[in-house]
Amino acid sequence: MLDLQRLRALHAVSVHGTVGAAALALGYTPSAVSQQIAKLERETRTVLLEREGRGVRLTDEARQLVVAAQELLAIVERAETELEERRGRPSGRLTVAAFASAARGLMPGVLAELGRRHPALDARLSEVDPHLSVDLVAKGAVDLAVAHDWDIAPLPAPPGLEQAVIGDDLCDLLVPEGHPFAGRTAVRREELGGERWICQPPGRVCHDWLLRTLRAAGHEPDIVHQADENPTLVALVAAGLGVALIPRLGRGPVPAGVVEVPLDPMPVRRLYALWRTGAARRPAIAECVRVLGEQWPDVAAHPPR
């Protein structure tokens with residue numbers, strides 16, 4: 001008989017792409033995931049993973065087994081949902097994926113409150129890019145995602161997912177002291193041409209939003225520095241190396257040498273909670289969404305300065 005935990009390990013490698021990423025998502029060590037898959041290979045008398053460069057590739061037999069694993073995991077999820085629903089209180093493990101600034105600025109308070117209210121609930125967080133996290137929810141790799149979109153770049157939600165709005169996160173233009181915009185009460189988007197920009201790398205939602213926004217205003221952005229973390233972007237602005245558009249959530253205090261300037265209109269990104277339709281009855285999902293909504297007004301009302 002096939003072991004469900006071993007099938008779960010194979011499914012995680014399929015979803016996350018590497019043994020290491022699968023281990024991180026499951027809360028195991030990479031060696032533990034490799035051992036689970038090795039045992040599954042012995043049980044099935046089938047090669048499931050082949051080395052490809054520094055990573056691994058699923059064989060055709062493995063991909064077929066992953067389809068079956070996803071069906072079995074969906075059945076288990078339904079059974080767990082029904083049991084939790086009968087108990088009438090959040091319990092068991094709840095896996096949450098959130099983008100970086102939400103993981104830093106919103107989720108610590110949410111997770112602490114969930115733990116205080118519901119000791120039987122084991123909520124676990126992974127930091128994941130918004131578009132990737134939506135796919136992980138759809139594939140059953142995580143239970144709930146906190147994602148975002150921008151006013152000109154809506155977040156696509158695939159069929160089979162439900163979502164709830166958490167709130168709106170405002171975005172400021174950050175410039176070095178002494179910059180011509182530093183003393184302004186507002187700057188229009190049409191005035192942003194000719195600036196040296198500091199932003200996240202290509203493929204990230206904020207990078208794509210910056211390109212679309214400036215191009216819509218008739219400017220081709222000159223991106224001179226790129227970094228993943230918002231504190232790094234702010235530090236580059238403080239050094240006088242360019243300007244940046246950075247959301248308030250999880251940004252951290254603005255250091256000396258940096259000035260906030262409102263844009264007109266103010267850029268907004270909307271935060272969402274997303275979960276699978278089949279898990280909508282689960283009390284843990286409903287309670288996490290409720291606490292996210294409760295915590296957001298206080299987070300939004302006290303942005304770092």
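The values are calculated or read from the model by the stated rules, or taken from the named source; none is laboratory data. Everything quoted here is computed from the prediction, not taken from an experiment. In this analysis, Cβ positions are derived from the backbone assuming ideal geometry, glycine residues included, and neighbour counts consider all displayed protein chains. Areas reflect the complete protein model, heavy atoms only, side chains present, ligands, DNA and RNA absent. Shrake-Rupley method; radii C 1.70, N 1.55, O 1.52, S 1.80 Å.
Worth pointing out:
- Restricting region 222-256 to residues that are surrounded by fewer than 19 Cβ atoms within 10 Å (Cβ to Cβ) and touching a helix residue (DSSP H, G or I) at 6+ places or on another chain (Cβ under 6 Å), the residue that is nearest to residue 104 (Cα to Cα): 252
- Taking the criterion of being under 11 Å from residue 10 (Cβ atoms) and out of contact with any helix residue (DSSP H, G or I) (no Cβ under 8 Å at 6 or more places or on another chain), the only residue of region 39-58 that qualifies is 41.
- Region 277-305 residues that are in a loop (DSSP other than H, G, I, E, B), paired with ones that are crowded, with 18+ Cβ neighbours inside 10 Å and of a type in the set (Val, Ile, Thr) (beta carbon under 9 Å, 6 or more apart): 280/81; 281/81; 282/81; 304/254; 305/254
- Check on residue 175, part of a strand (DSSP E or B), in contact with a Phe, Trp or Tyr (Cβ under 9 Å, 6 or more places away or on another chain) and open to solvent by less than 70 Å² (accessible area, probe 1.4 Å): yes
- Helices (runs of 4 or more DSSP H) contained entirely in region 87-163, each with at least 2 residues that are in contact (Cβ under 8 Å) with a residue 60 or more places away in the chain, in contact with a helix residue (DSSP H, G or I) (Cβ under 7 Å, 6 or more places away or on another chain) and of a type outside the set (S, T, N, Q): 107-117, 130-138
- Selection status of residue 69, crowded, with 19+ Cβ neighbours inside 10 Å, part of a helix (DSSP H, G or I) and in contact with a Leu (Cβ under 9 Å, 6 or more places away or on another chain): yes
- Of all residues in region 36-46, none satisfies being among the β-branched types (Val, Ile, Thr) and either closer than 27 Å to residue 98 by Cα or open to solvent by 60 Å² or more (accessible area, probe 1.4 Å) (or both).
- Pick from region 234-247, criterion in contact with a Leu (Cβ under 8 Å, 6 or more places away or on another chain) and of a type in the set (A, V, I, L, M, F, W, C), ranking: nearest to residue 169 (Cα to Cα): 246
- For region 79-136, taking the residues that are open to solvent by less than 20 Å² (accessible area, probe 1.4 Å) and of a type in the set (Val, Ile, Thr), the one that is farthest from the chain's Cα centre (by Cα) is identified as 81.
- Looking at 57, 8, 51, just one residue is open to solvent by 60 Å² or more (accessible area, probe 1.4 Å), part of a helix (DSSP H, G or I) and either closer than 24 Å to residue 77 by Cα or not hydrophobic (A, V, I, L, M, F, W, C) (or both), and that residue is 8.
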